[in-house]
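A quick write-up on the structure given underneath.
The values are calculated or read from the model by the stated rules, or taken from the named source; none is laboratory data. Keep in mind that this is a model prediction, so the values were computed, not measured. Neighbour counts run over all protein chains shown; Cβ positions are idealised from the backbone, glycine included. Side chains included, ligands, DNA and RNA excluded: accessible areas come from the protein's heavy atoms. Shrake-Rupley method; radii C 1.70, N 1.55, O 1.52, S 1.80 Å.
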Amino acid sequence: MSTVAESIFSPATAERFDKLVTIYPVKRSALVPMLLYAQDDLGYVTDAAVSEIAQRLDLLELDVRNVLSYYSMLRTKPAGKFNVQVCTNISCMIVGGYDVLDHCKKRLGIGHKEVTADGQFSLEEVECIGACCWAPAMQVNYDFHENLTPEKVDAILDDYAAGRGKDVK
Amino acid sequence: MPTLVSHPDEVKILSRRFGQGAAELDRYLELDGYKAAQLAIDNGPEWVINEMKASGLRGRGGAGFPTGMKWSFVPKQSEKPKYVLVNGDESEPGTCKDHVIFLHDPHAIIEGTMIAGLAIGAKMGFIYLRGEYRYLLKIVEKAVADAYAKGILGKNIFGREGIDFDIVTQTGAGAYEVGEESALMESLEGKRGVPRIKPPFPAVVGLYGGPTVINNAETIASAPHILLMGGAEYAKIGSERNGGTRLFGISGMVERPGVYELPMGYNLKKAIYDVAGGVKGGKKLKAVVPGGSSCPVLTADELDVGLDFDQMAKAGTMLGSGGIVVLDETVSMVEFALRTIKFYQHESCGWCIPCREGTDWLKKTLTRFYDGGGNAKDINNIQYLAENMMGRTFCPLGDAAAMPTLGFIKKFRHEFEEYLQGKRTEKHFITTDELVGAAH
Ligand SMILES: Cc1cc2nc3c(=O)[nH]c(=O)nc-3n(C[C@H](O)[C@H](O)[C@H](O)COP(=O)(O)O)c2cc1C
Ligand code: SF4
Ligand code: FES
């Protein structure tokens, strides 16, 4: 049972939050991880999530929003069920990162930070994801895909569309 | 899953457990795991710090500060608790070596954190990974839980009365600036990742106001190996004043990209041609970014240089994070400069004007230039802007943007001039009209 009487989060997330506030010397340290887990749980950081997290950490909602707006992986609008993040930074760019991005745009019919009509996929052009030696690379949610070609991208997206893709949260 | 590469010239110290299932605690123990931590407990903090000093290990996060010395700066007496903070933020474009350690040898990072803690008198360590590394966090979380279950972490570790050590793991949520050590502490304290003024330095006033040692994940993972083989032995492997080996990520247009462990001082040209198999498809090499995107570019004629902090500085660039990016003749320096600066503009935390405005103007000018609207004055303006950012920003991100820009203009000025005259490379890489972070 969560310490917050009517948590908006799933029982597993609420339980994780109860524990998170106890492991740091100062409660507030749990803020960035909490925002990420909230997003994993709800798809994005909702107003209600901001409010509950503020309550759990004895912070103003303003404090939470201030941090929320800083980090690029946190969002206040829904993404697709599968968020496709293509790296176009230097190592990826020179071996085909933009080709991969263009291919995703065509195949999904959406642009940067857009979501497909059925809500299955969203697309983002992102900065280096730490997979430069296996470039070009992308992440779908938290799972890495490397040494990409447009054909490989098709196979990967087919897998996700068919429910076979890995979802590492 | 990243593939492991290998080459006969490698000296496998840090990477000796890669690919051997060492993420499992039992396997790690079979491979000498946690012996170094026990040695550290047996021999005490002074011994640890002396071994680290003798090893000549310099921080693998970028600046190359001697690790033993950093640890010795932490005051012995402190009213506030002391902490160890492992920087696994790894966000410098071209760099992916910490990724491999977290994946294949997470216990080495845990053991290194304990060793640093024993050396400075801290009872708590934090391992902070970048947000994108959530799947690696799972691996590290499991390793930490296994270590607790075996009595390697927690109270009275290894059954020794009064020796306690706790580790907390977490990720960030996407922000390059959070890799800067003081911004990292802010982030860990639940704030925006904006840097703190220095002094005081973290070794004196760090996390939660307590003395804190902040080290890169590779630096920390090196500590157990150093204690096992002895600092002096470790130092012998590297070059003068640059002890040991380090993980180099070689990426871009090479035949065999990957993360290789080479002795410090190893020749850069050999690293590219022998170790990584040379330029892909037999093309001509044009330039190399030697240590992550913030390091000034080297031309094809400048590659006969040893990969260590001093030799790279002498060559007018930096060893940085060890991320070597190889460019062949098809890359336009104008385009490459634009993509590089685009990154720094996107990642500037916005705190200080020279960086916030400087990176934005650089990006705008380079974008117009790239789109064909440039004029002769732009090249000087770009140089002038970058020169005026140097050393005038609150944290080193401003320099990290200015330094490579100056390198591109200085060494490839002719390309910028030819670009103005309409000369273009065959292939354009930036193919979409929308750049990352464009208005949306
Ligand atoms: C903008 C910026 C980003 C940085 N990013 C990282 C990083 O991702 N990982 C890292 O270890 N060090 C990074 N650093 C360097 C750290 O501030 C710090 O020097 C380092 O973690 C110290 O560890 P070391 O002594 O083991 O190298 C960055 C520095 C700056 C200025
Ligand atoms: S140089 Fe200034 S604006 Fe740029 S990241 Fe550092 S503090 Fe922020
Ligand atoms: S440049 Fe694409 S992962 Fe690093």
Quiz item: Could you list, in sequence order, the residues of the range B:361-408 that are without any contact (Cβ under 8 Å) to a residue 60 or more places away in the chain and open to solvent by less than 10 Å² (accessible area, probe 1.4 Å)?
Solution: B:362, B:366, B:369, B:378, B:379, B:382, B:386, B:389, B:398, B:402
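Give me the residue from the range B:181-198 that is away from every other protein chain (no Cβ under 14 Å), within 17 Å of residue B:65 (Cβ to Cβ) and modelled with pLDDT of 95 or more and, out of that set, nearest to ligand 1 (Cβ to nearest atom).
B:181
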Quiz item: Restricting attention to the range B:396-410, does a residue exist that is of a type in the set (A, V, I, L, M, F, W, C) and either modelled with pLDDT under 95 or at positive phi (or both)?
Solution: no
Exercise. Give the range A:115-148 a look and list any residue that's of a type outside the set (Phe, Trp, Tyr), in contact with an Asp or Glu (Cβ under 8 Å, 6 or more places away or on another chain) and over 18 Å from residue A:44 (Cβ atoms), or say none.
Key: A:125, A:127, A:128, A:129, A:130, A:131, A:135, A:136, A:137, A:143
Exercise. Kindly list, by first and then second residue, each pair from a residue in the range B:75-91 that is under 10 Å from residue B:212 (Cβ atoms) and modelled with pLDDT under 95 to a residue that is open to solvent by 40 Å² or more (accessible area, probe 1.4 Å) and part of a strand (DSSP E or B), limited to pairs with Cβ atoms under 8 Å and residues at least 6 apart or on different chains.
Key: none
Practice problem: Starting from the range B:204-233, take each residue that is at pLDDT 95 or above and list its partners that are open to solvent by less than 10 Å² (accessible area, probe 1.4 Å) and among the hydroxyl-bearing types (Ser, Thr, Tyr), counting only C-beta distances under 6 angstrom and pairs at least six apart or across chains. | Solution: B:206/B:212; B:219/B:67; B:220/B:113; B:226/B:55; B:226/B:234; B:231/B:55
Quiz prompt | Only listed residue being more than 12 Å from ligand 1 (Cβ to nearest atom), away from chain A (no Cβ under 14 Å) and touching a helix residue (DSSP H, G or I) at 6+ places or on another chain (Cβ under 8 Å), chosen from B:220, B:163, B:167 | solution = B:163
Practice problem: Working only within the range B:199-217, note down all residues that are at the interface with another protein chain (Cβ under 9 Å from one of its Cβ atoms) and either surrounded by fewer than 21 Cβ atoms within 10 Å (Cβ to Cβ) or within 16 Å of ligand 3 (Cβ to nearest atom) (or both). | Solution: B:208, B:210
Self-check item: Set B:192, B:196, B:241: member being open to solvent by 20 Å² or more (accessible area, probe 1.4 Å) and on the phi > 0 side of the Ramachandran plot
Solution: B:241
Quiz prompt | helices (runs of 4 or more DSSP H) wholly inside the range A:30-104 that include at least 3 residues being under 17 Å from residue B:134 (Cβ atoms) | solution = A:31-42
Quiz item: When you go through (1) of a type in the set (Asp, Glu); (2) surrounded by fewer than 24 Cβ atoms within 10 Å (Cβ to Cβ); (3) in contact (Cβ under 8 Å) with a residue 60 or more places away in the chain one by one for residue B:177, which number turns out not to apply?
Solution: (2)
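Every residue, every condition in (1) open to solvent by less than 60 Å² (accessible area, probe 1.4 Å); (2) facing another protein chain (nearest Cβ under 7 Å); (3) without any contact (Cβ under 8 Å) to a residue 60 or more places away in the chain, yes or no:
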residue	(1), (2), (3)
A:19	no, no, yes
A:32	yes, yes, yes
A:36	yes, yes, yes
A:48	yes, no, yes
A:58	no, no, yes
A:64	yes, no, yes
A:70	yes, yes, yes
A:83	yes, no, yes
A:89	yes, yes, yes
Quiz item: Which one of these is open to solvent by less than 50 Å² (accessible area, probe 1.4 Å) and of a type in the set (Lys, Arg): B:60, B:27?
Solution: B:60
Quiz prompt | Contacts under 6 angstrom Cβ, first residue in the range A:106-117 being at the interface with chain B (Cβ under 9 Å from one of its Cβ atoms), partner open to solvent by 20 Å² or more (accessible area, probe 1.4 Å) and not in a helix (DSSP H, G or I), 6 or more apart | solution = A:112/B:434; A:113/A:124; A:113/B:440
Quiz prompt | Single residue of the range B:63-93 satisfying the filter (of a type in the set (A, V, I, L, M) and more than 14 Å from chain A (Cβ to nearest Cβ)) that is surrounded by the fewest Cβ atoms within 10 Å (Cβ to Cβ) | solution = B:69
Quiz item: Name the pairs whose Cβ atoms lie under 6 Å apart, with the first residue in the range A:123-136 and more than 7 Å from chain B (Cβ to nearest Cβ) and of a type outside the set (D, E, K, R), the second assigned to a loop (DSSP other than H, G, I, E, B) and more than 6 Å from ligand 3 (Cβ to nearest atom), and 6 or more positions between them or separate chains?
Solution: A:123/A:110; A:136/A:95; A:136/A:96; A:136/A:148
Self-check item: Within the range B:344-440, helices (runs of 4 or more DSSP H) holding 1 or more residues that are within 14 Å of chain A (Cβ to nearest Cβ) and among the charged types (D, E, K, R)
Solution: B:353-368
Quiz item: Any idea which of (1) away from chain A (no Cβ under 12 Å); (2) in a helix (DSSP H, G or I) is the one residue B:144 doesn't satisfy?
Solution: (1)
